[in-house]
Amino acid sequence: MSSIKGPGGKKTGAVNSSKVRVEKSAAVDRSPRVAEDRLNVSASAQQIDELFQQLADLEDVNAARVKSVRESIKKGNFPIDYQRLADKILELSDELNSENDD
């Protein structure tokens, strides 16, 4: 047994430590706490992510075809469709001009 001192240091009585009862003075919140994780990504990072996705979607280069075309060009027997080439140059020129107008 031990004694408890009250206000002013006066002994208030004996306490049997094996029979002490603690009363809860306030309700305890036992609900699980959920942490929120957030990630803010800048506009530049979002653009980079989109570009990486576009690169991933591109088809692989056909190395054998590239080698064949290079050899044909070196030998001077690569067939050129001049009308198609001119059309593509004009198409690209139109695209570049429309981008500059924006």
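A few points about this structure:
- Note, ³J(HN,Hα) from phi for the range 47-53, Karplus 6.51, -1.76, 1.60, rounded to Hz, x at Gly and Pro: 5, 4, 4, 5, 5, 4, 5
- Separation in nanometres of the label points that stand 7 Å from Cα toward Cβ, at VAL41 and VAL69: 3.3 nm
- The charge dipole of the range 26-102, taken about its Cα centre with unit charges on the Cβ of Lys, Arg, Asp and Glu (plus for the first two, minus for the last two), comes to roughly 640 debye.
- Note on PHE78 and GLU50: their simple-model spin labels are 3.4 nm apart, each label 7 Å out from Cα toward Cβ.
- Across the range 63-75, computed HN-Hα scalar couplings (Karplus, 6.51 cos²θ - 1.76 cosθ + 1.60, θ = phi - 60°) run 4, 5, 5, 4, 4, 4, 5, 4, 5, 5, 5, 4, 7 Hz from first to last residue, x flagging Gly and Pro.
Where a number appears in this text, it was derived from the coordinates with a stated rule and is not lab data. These numbers were taken from a predicted model, which means no experiment stands behind them. For neighbour counting, all protein chains shown are included, and Cβ atoms are generated from backbone atoms with ideal geometry for every residue, glycine included.
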